[in-house]
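To start, the structure itself, in structure tokens.
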Amino acid sequence: MTEALPDPGASAAVLIGVAAYKTMPKLPTVARNLTRLKEALTDRAIWGLPADKCVVVLDPSSPDDLIDPVVQAARSARDTLIVYYAGHGFVDPLGALRLTMIGSMEELPHKAVLYSELREALRQHNRARRRVIILDCCYSGRALGDMDAQTRTPLRTVADVKGMAGSYLLTSAASNVRALAPRGEECTAFTGEFVRVLREGIPGREGQPIRPYLTLDAIYREVRGSLEHRGRPTPRQQDNNQVGQLPFVRNLAHPLPPDRFLPPPPRPRWQRRTAFVLAALAPVAVLAADSGRPPSDVCSARASLIGFSDRLDKVTFQGRRLVGLSALALTSEGPTGATALSLTDNSSPVLYRLSLGPPGKSPKPEIAGATALVRRDGRPYGGEQGFDGEAIAVEEGGRTVLVASEHAPSIGRYSLATGELLYELPVPEPFRTDSPGGDAQRGAIFESLALSPDGRRLYVGLEQPLGRDGTYRGGNRIRILRYTGEPGGAYRVDGQLAYQTDSGLRLAEFAPIGDGRFLALERGYTEGQGNSIRVYEVSLTGLKDVSGERSLERTPASAFVVKRELVDLGDCPPSGARARQPQVNPLLDNAEGMALGRPLTEGPHQGRRVLYLVTDDNDNPEQITRFYTLAVDVS
């Protein structure tokens, strides 16, 4: 696992702290923050950053004292750059966060450094592939919006923030909350907990295995939980490009002795690069064998991996290559197996009839038949009048299927017997790309579709926001179209719902649970790091209709769908999976289809429901058509 961690020899850290203020209250604990944090980062059992690459700046008296060491470190680091600041922070009359120095005074804002100046220095001089910024000061949450230059970033300005891709920002408090330096404690409240987690690690909980390394997300959750339990200010985080999911430091709660983790002697750069790629492509089952425990199937407290299968990857059926599966819908379930439909997302769409194998077992997908979708007059799709089907829902009776296509875009009802288009649903003008009032992004429109169990409500989700809606703290603010109608009859639009994805992710699919509840699949991809797959439980009832909101930019959080994470597939055991490109977990690929089955009636996961997932290989030799089955705890 050493190769998965950041390379300390190609990394750097700058730890800045202000303790001996001239006019503002002194902060003696800040000096100890710097000492304890450097000790942890340079500890070979935790990470092993060379001492000369961990620069401590105590009591800077000028902006140059504060920013110049950051610039030098940013120019030298190639792997990971850590910038830490602790001291007083305040918000100036224009609402900007300022970081103080020993001579700073709140009534004279110009005597403190704008956080945006520090951010710009990183933007201009950074060469590291990962940047970790940690702010332990009052109102530090104000920087969350400043990480990408605006609290809310419209799509049209996204190109302006690419210089900060691969960044993780961790703050000790919200934008309107003071940080805490408790009397009688060695360090400030936030940094004390942060260092404690580095020193003690995180044990396995709720049946989950102990991870050999800690991610920034895991550290954040542990620190936040501990501080909330003690009634202290709640930290905040912002993740650009899923840096928080990558290994950061070793987990000292892991049972392997620390000397097993000591890094090997440095090797040439080409050897390290080769080793990283080989490690990403190889099965990762070593830890379970080393620890003497059988590998676990636990992914989260509410989900376990039953198995996966690549048996349909790049196969040919009736003269067609099976590529680009982007949707999944169950058609029947029984003790001997489940059957499903899956749709290709190319310009000549095909519905495949599949058998998935017995419930509660690793999937054994087989193709039982195929039907090409055609226009009303029976002419095939293709050419300029192509298709890009991304989502399907089987209607009551199993004779027709609703299909959402990103081309145009459109939502149509098709006959399962002939594949012929029977009916088209209306699409509001802002959700189109072929009209003057269209505000949708071509190729990133209708991606998810689900019927309520009674067939009276249809929900269609966008993959990415309308141009007017944009992003917020790295997450996409998207709209879900809600239709009302009769099963097999006409549907009309009767509302829009607001949904925000996690940072760097896109909404890929919905699957109905019942009582207005659904599972939502979010997925993402980061070059050199691989895919992310997360499933959430959500409710789509009782939400504000945002049809009248011209933009979701300033829509309050209370109007958005509330999400409860069910499983992050990156936390599942690799189970012998192989990847054809770098992946944090070789089990992962580009998941786009999802279907929820009935509860299992026997076996170790009795009472849990089967969750099926399928990946879209994009007709790419480096990607895989992979089927997953999981047992999940949803009622």
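Tabulated data for the structure shown
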read-out: Search result, residues across the range 117-134 that are open to solvent by 30 Å² or more (accessible area, probe 1.4 Å) and either outside any helix (DSSP H, G or I) or in contact with a Leu (Cβ under 8 Å, 6 or more places away or on another chain) (or both); value: Asn126, Arg127, Arg129
read-out: Of the criteria (1) within 27 Å of the chain's Cα centre (by Cα); (2) open to solvent by 20 Å² or more (accessible area, probe 1.4 Å), which one Arg353 fails; value: (1)
read-out: Residue satisfying condition, being more than 23 Å from Gly389 (Cα to Cα), open to solvent by 50 Å² or more (accessible area, probe 1.4 Å), touching a helix residue (DSSP H, G or I) at 6+ places or on another chain (Cβ under 7 Å) and not aliphatic (A, V, I, L, M), within set Arg578, Arg554; value: Arg578
read-out: Conditions (1) closer than 20 Å to Glu193 by Cβ; (2) surrounded by fewer than 19 Cβ atoms within 10 Å (Cβ to Cβ); (3) over 32 Å from the mean Cα position of the chain (by Cα): number failed by Lys26; value: (1)
read-out: Test set (1) assigned to a strand (DSSP E or B); (2) open to solvent by less than 50 Å² (accessible area, probe 1.4 Å) - Val56 fails condition number; value: (2)
read-out: Residue match in the range 101-108 (condition: open to solvent by 10 Å² or more (accessible area, probe 1.4 Å), outside any loop (DSSP other than H, G, I, E, B) and either aromatic (Phe, Trp, Tyr) or in contact (Cβ under 8 Å) with a residue 12 or more places away in the chain (or both)); value: yes
read-out: Residues satisfying the stated conditions in the range 417-435, i.e. open to solvent by 60 Å² or more (accessible area, probe 1.4 Å) and of a type in the set (A, V, I, L, M, F, W, C); value: Ala417, Leu422
read-out: Within the range 475-516, considering residues that are of a type in the set (Asp, Glu) and buried (at least 17 other Cβ atoms within 10 Å of the Cβ), the one modelled with the highest pLDDT; value: Glu509
read-out: Qualifying strands (runs of 3 or more DSSP E) (wholly inside the range 582-635; at least 2 residues being in contact (Cβ under 8 Å) with a residue 24 or more places away in the chain, over 21 Å from the mean Cα position of the chain (by Cα) and over 26 Å from Arg517 (Cα atoms)); value: none
read-out: Residue list for the range 340-363, filter: assigned to a loop (DSSP other than H, G, I, E, B) and under 19 Å from Arg609 (Cβ atoms); value: Pro358, Pro359, Gly360, Lys361, Ser362, Pro363
read-out: Residue ID - farthest from Leu122 (Cα to Cα), chosen from residues in the range 59-71 that are touching a residue at least 12 places away in the same chain (Cβ under 8 Å) and loosely packed, with under 15 Cβ neighbours inside 10 Å; value: Ser61
read-out: Top-ranked residue of the range 517-531 - restricted to ones that are at pLDDT below 90 and of a type in the set (Gly, Ala, Ser), ranked as surrounded by the most Cβ atoms within 10 Å (Cβ to Cβ); value: Gly530
read-out: Those residues of the range 532-542 which are surrounded by 21 or more Cβ atoms within 10 Å (Cβ to Cβ) and part of a loop (DSSP other than H, G, I, E, B), in sequence order; value: Leu540
read-out: When residues of the range 84-97 are limited to those that are in a strand (DSSP E or B) and surrounded by fewer than 24 Cβ atoms within 10 Å (Cβ to Cβ), the one modelled with the lowest pLDDT; value: Val91
read-out: Tabulated pairs, the range 398-412, first more than 16 Å from Leu351 (Cα to Cα), second assigned to a strand (DSSP E or B) and open to solvent by 30 Å² or more (accessible area, probe 1.4 Å), C-beta under 9 angstrom, 6+ apart or interchain; value: His407/Gln385; Ser410/Glu424
read-out: Any hit, the range 229-239, residues being among the small types (Gly, Ala, Ser), open to solvent by 30 Å² or more (accessible area, probe 1.4 Å), farther than 19 Å from Leu144 by Cα and assigned to a loop (DSSP other than H, G, I, E, B); value: yes
read-out: Hits in the range 70-94 (condition: of a type in the set (Phe, Trp, Tyr) and in contact with a Gly (Cβ under 9 Å, 6 or more places away or on another chain)); value: Tyr84, Tyr85
read-out: Number of positions in the range 512-531 that are in contact with a Pro (Cβ under 7 Å, 6 or more places away or on another chain) and outside any strand (DSSP E or B); value: 2
read-out: Condition check for Leu521: in contact with an Asp or Glu (Cβ under 8 Å, 6 or more places away or on another chain) and closer than 19 Å to Gly597 by Cβ; value: yes
read-out: From the options Glu366, Glu390, Glu333, residue that is out of contact with any Lys or Arg (no Cβ under 6 Å at 6 or more places or on another chain), acidic (Asp, Glu) and open to solvent by 40 Å² or more (accessible area, probe 1.4 Å); value: Glu366
read-out: All positions within the range 116-138 that are within 26 Å of the chain's Cα centre (by Cα), of a type outside the set (Val, Ile, Thr) and under 22 Å from Ala189 (Cβ atoms); value: Leu135, Asp136
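Condition check ((1) touching a residue at least 60 places away in the same chain (Cβ under 8 Å); (2) over 26 Å from Ala253 (Cβ atoms); (3) out of contact with any Pro (no Cβ under 9 Å at 6 or more places or on another chain)) across all residues:
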| site | (1), (2), (3) |
| --- | --- |
| Pro8 | yes, no, no |
| Ala13 | yes, no, yes |
| Tyr21 | yes, yes, yes |
| Leu49 | no, no, no |
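The values are calculated or read from the model by the stated rules, or taken from the named source; none is laboratory data. Since we're looking at a predicted model, the values are computed, not measured. Backbone-built Cβ (ideal geometry, glycine too); neighbour counts: all protein chains shown. Ligands, DNA and RNA are excluded from the accessible area calculation, which covers all protein heavy atoms including side chains. Shrake-Rupley method; radii C 1.70, N 1.55, O 1.52, S 1.80 Å.
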